[in-house]
Amino acid sequence: MNNQNQLTNAERIWRTIQSIPAGKVASYGQIADLAGLPGRARLVGKVLGQVPEGMVVPWYRVLRSSGQLAFTKGSLSAEKQKGLLQEEGVVVLNNRVKLMLFGWKPDLSEMLAMDF
């Protein structure tokens, strides 16, 4: 039996987000696709709000498909997300990240390392 059958959808999403390297970002839809849950971008957002205490999930690396930060410009959450991304060298201008420059494009070895 492979691990995919043993993991919940939430665990698959968290593991996928944990695989995003520092300095890179991914969209909610991309995370859903890579976790084997195509079309479930909203589920990714929901699950990010349910991360168990003590689990490290770099939530701030997940953006809207347009490259916009997940939160309203100027809000405390947006400023926190922006700051965490900038610490990793991601350029955030006008509440947006250029996906062509900073978007995560996992290669086959990275996808296999996700182990699900």
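Worth pointing out:
- Scan of the stretch 46-69 for residues that are in a helix (DSSP H, G or I), of a type outside the set (A, V, I, L, M, F, W, C) and under 20 Å from Val92 (Cβ atoms), ordered by number: Tyr60, Arg61
- Residues that are more than 19 Å from Trp104 (Cα to Cα) and in contact (Cβ under 8 Å) with a residue 12 or more places away in the chain do not occur anywhere in the stretch 13-28.
- Pair list, Cβ < 8 Å and 6+ apart or interchain, from the stretch 88-112 residues that are within 15 Å of Thr16 (Cβ to Cβ) to residues that are of a type in the set (Ser, Thr, Tyr) and part of a helix (DSSP H, G or I): none
- Residue match in the stretch 46-64 (condition: in contact with a helix residue (DSSP H, G or I) (Cβ under 8 Å, 6 or more places away or on another chain), surrounded by 18 or more Cβ atoms within 10 Å (Cβ to Cβ) and polar (S, T, N, Q)): no
- Subset of the stretch 83-111 (residues that are at pLDDT 95 or above, among the charged types (D, E, K, R) and not in a loop (DSSP other than H, G, I, E, B)): Glu87, Arg96
- Test: Lys80 is in a helix (DSSP H, G or I) and either in contact with a Cys (Cβ under 7 Å, 6 or more places away or on another chain) or free of Cβ contacts under 8 Å to residues at least 24 places away in the same chain (or both): yes
- Just one of the numbered conditions (1) surrounded by 11 or more Cβ atoms within 10 Å (Cβ to Cβ); (2) at pLDDT 95 or above is not true of Asp115: (2).
- Looking only at the stretch 8-45, residues that are touching a Pro at 6+ places or on another chain (Cβ under 9 Å), outside any loop (DSSP other than H, G, I, E, B) and loosely packed, with under 15 Cβ neighbours inside 10 Å come to 1 in all.
- Any hit, the stretch 36-43, residues being of a type outside the set (D, E, K, R) and touching a residue at least 40 places away in the same chain (Cβ under 8 Å): yes
The values are calculated or read from the model by the stated rules, or taken from the named source; none is laboratory data. Please read these numbers as outputs of a predicted model, since none were measured by experiment. A quick note on method: Cβ atoms are made from the backbone with ideal geometry, for glycine too, and the neighbour counts reach across all protein chains shown.
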